[in-house]
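These notes are about the structure you will find just below.
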Amino acid sequence: MRRSVPSRARAASAALLVVAPLIAAALPAAAHATAPADCRPLPVPAADLLHATAATELLGVDGTGVTVGIISDSFDHAGADAVSSDIAAGWLPGPGNPCGWTTPVTVVGTPAPSGSDEGRAMAQVVHGVAPGAEILFATANPETNAAMAAAIDTLRENGADIIVDDLGLSDDLYYARQEAGEAIQRSVDAGVLYVTAAGNYGRVGAAGYPSAGSPIAGWKSEAYRPMPCPADVEAAAVATEPPGTSVDCMDFDPSEAADATMEITVAGSPGSPMQLHWAEAAGDMNTAFAVVQRSAALGDTPRVTWAPDAQRPVVPSGVGSVDAGPTATDVSIVRRTSPSAGTPAVALLFPALESFLSIAALEYFTSTATDTVGASMIGHPTDPAALPVAAVDATDLTLGFYGSAGPVTTFFGLPEPTTTTGPLVAGIDTVPISFVIGQTTGPGTFSGTSAAAPSVAAVAALMKQAAPHADPARLRAALVDTARPDAFSSPWPADLPAERFSGAGLVDALAAVTAVAPPAPVPTPTPAPSTSAPVADGPPARLAESGTAADAGVVTAGVVLTALGLGILVLRRRRLPS
């Protein structure tokens, strides 16, 4: 757990102070004339901690000329009065904003029929970090891949330069790119950077269990390992199938031993949802799986759940609790045996924010060469075209354990299998907003990767203002390459790769804007008047050995260019995972 600032980061900051005025001179001017650039009626910790305030003060960028599109459940379900109050207080742009940012948030597409107005909270984060940016909002309500794809396309068609979302989708598949990922790719191909919340499905093992302190948000194996089922599990599974059906079970133990059950402990009521996914293409499946559970909550009678759709590789289930105390459940993954049955990769996930504290322990909690524990990202945040974001708490600069982690491999819907290691960068969460999410009262605090993602999207808006022609690949690379891996502490064991949980580190707006900014103008040297007599024909004159006879203007330009080069060189470093 490290918070020290590396010496190379201090060197980078020093170099930026030297070159910032030159860079600022080359950037497009902010178009805000009704209030000073530093007008801030409300605290914006994300702007300070991400060095966006410094980028505005030193480089003059505020997001002017850039449009950020937001996708969430709703924006104005609380009503027009709530939005107007936010504008008057400075939380949002619009007529009456105290700093003169008068262009209101524009809702495009079909209005949300319901929602918690998390989109309004995201807009407040964007406005706080990049107040000059224009903001669009579109809903993906209901939260499905089809609705998300429609929202992405709508924002792109309405001129968004950057799109950010915070939604988990109800029909996500673990191993496949779906409609949302395809829409993200269309946006990136059109020049739009796509930022997304990595997800809030992280869990940490509770004290008192062997898995204490370990990430236990999911378990997966690169291949199904068949073994005989326990007698009662086999009998229960076969009883739900046509006569003559036979089954086997997943061997959870990666060693030479064998174990057909995984004990999962739930901290208390109401338990947690659970999903089984496997690596076969929807609509072209050869293998049928079920989840079988035994626990005191079920009276020790095995409960069998087969996939409700024979052409979708997912079994929705859950692990329950009988009371407020811990409850252990034995879980088995059962396969219907047949000549066509395969041994695909399998994964157990617990995708529910509202019960993220309920999973207390996993029996098999250590990652091995074949099994990975703690990977919980799913759906479009794992798409290679997206920029998934982790969350660092603004109050104590600690990485949130609830953030979803990688790695995740997408086998279907892409030209070839592609692995996403985890979030690519981290943003800031636990930030003040004008209301409590889901209520009309306030003020409140906005936490999770839902808050961190718009903070990064806003930094990208500053970058896009500085480099209007920068494509998504360049923006993404600069955000990653200039991120600060040591700017926060992590709850995870030091021997686990940081890239699984926080990517390259906390975003640095000042460094990222500098990385994409156009080259600073080089001062034109002014020749010094000659005080020596004309030289007669003969060998050319020779400079002094020390070089001090060189033109002073050239020396000055060389120092500036060297400093500029040093700053960019240092800021573009990327620390590779160990």
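The values are calculated or read from the model by the stated rules, or taken from the named source; none is laboratory data. If you're wondering where the values come from, they're calculated on a predicted model, not measured in any experiment. Cβ placement follows ideal geometry from the backbone for every residue including glycine, while neighbour counts extend to all protein chains displayed.
Brief remarks follow.
- Scope segment 401-432; condition more than 29 Å from ALA282 (Cα to Cα) and either surrounded by fewer than 24 Cβ atoms within 10 Å (Cβ to Cβ) or of a type in the set (D, E, K, R) (or both); matching residues: PHE401, TYR402, ASP429, THR430, PRO432
- Evaluating LEU193 against the criteria (1) over 27 Å from ALA347 (Cβ atoms); (2) modelled with pLDDT under 95; (3) crowded, with 23+ Cβ neighbours inside 10 Å leaves one unmet condition, (2).
- For THR418, the conditions (1) under 24 Å from SER187 (Cα atoms); (2) β-branched (Val, Ile, Thr); (3) under 16 Å from the mean Cα position of the chain (by Cα) are fulfilled apart from (3).
- Residue in segment 221-235 that is surrounded by the fewest Cβ atoms within 10 Å (Cβ to Cβ), counting only those that are of a type in the set (Gly, Ala, Ser) and more than 18 Å from THR370 (Cβ to Cβ): ALA231
- Exactly one residue out of GLY100, GLY159, GLY96 is assigned by TED's automatic domain parsing to the domain that holds ARG40, small (Gly, Ala, Ser) and under 20 Å from ALA457 (Cβ atoms): that is GLY159.
- The single condition among (1) in contact with a helix residue (DSSP H, G or I) (Cβ under 6 Å, 6 or more places away or on another chain); (2) under 21 Å from LEU169 (Cβ atoms) that PRO302 does not satisfy is (2).
- Summed over segment 337-395, the residues that are outside any loop (DSSP other than H, G, I, E, B), within 14 Å of the chain's Cα centre (by Cα) and within 25 Å of VAL292 (Cβ to Cβ) give a count of 0.
- Filter pass, PRO131 being crowded, with 24+ Cβ neighbours inside 10 Å, farther than 19 Å from VAL314 by Cβ and not hydroxyl-bearing (Ser, Thr, Tyr): yes
- Residues in segment 308-342 that are closer than 20 Å to PRO243 by Cβ and of a type outside the set (Lys, Arg): ALA310, VAL334, THR337, SER338, PRO339, SER340, ALA341.
- The set of residues from segment 294-320 being crowded, with 22+ Cβ neighbours inside 10 Å and under 33 Å from the mean Cα position of the chain (by Cα) comprises PRO313, VAL315, VAL319.
- The set of residues in segment 321-336 being within 30 Å of GLY283 (Cα to Cα), β-branched (Val, Ile, Thr) and over 32 Å from the mean Cα position of the chain (by Cα) consists of VAL334 alone.
- Residue match in segment 81-103 (condition: crowded, with 24+ Cβ neighbours inside 10 Å and among the β-branched types (Val, Ile, Thr)): no
- Members of segment 202-220 that are surrounded by fewer than 24 Cβ atoms within 10 Å (Cβ to Cβ) and either among the small types (Gly, Ala, Ser) or part of a loop (DSSP other than H, G, I, E, B) (or both): GLY205, ALA206, ALA207, GLY208, TYR209, PRO210, SER211, ALA212, GLY213, SER214
- From PRO384, PRO326, residue being surrounded by fewer than 23 Cβ atoms within 10 Å (Cβ to Cβ), under 30 Å from SER187 (Cα atoms) and in contact (Cβ under 8 Å) with a residue 24 or more places away in the chain: PRO384
- VAL266 surrounded by 19 or more Cβ atoms within 10 Å (Cβ to Cβ) and closer than 30 Å to VAL459 by Cα: no
- Filtered residues of segment 231-280 (kept if farther than 22 Å from SER367 by Cβ, part of a loop (DSSP other than H, G, I, E, B), more than 30 Å from the chain's Cα centre (by Cα) and in contact (Cβ under 8 Å) with a residue 12 or more places away in the chain): THR240, GLU241, THR245, SER246
- Selection of segment 487-500 for residues being over 21 Å from GLY199 (Cβ atoms) and crowded, with 16+ Cβ neighbours inside 10 Å yields only ALA487.
- Flag for LEU397 being on the phi > 0 side of the Ramachandran plot and among the hydrophobic types (A, V, I, L, M, F, W, C): yes
- Test: residue in segment 47-70 that is touching a Pro at 6+ places or on another chain (Cβ under 8 Å), surrounded by fewer than 16 Cβ atoms within 10 Å (Cβ to Cβ) and at pLDDT 85 or above: no
- Taking the numbered list (1) within 23 Å of SER84 (Cβ to Cβ); (2) within 18 Å of the chain's Cα centre (by Cα) in turn, ILE428 passes all entries but (1).
- Failed item, numbered, when ALA405 is tested on (1) in contact with a helix residue (DSSP H, G or I) (Cβ under 8 Å, 6 or more places away or on another chain); (2) among the hydrophobic types (A, V, I, L, M, F, W, C); (3) in a helix (DSSP H, G or I): (3)
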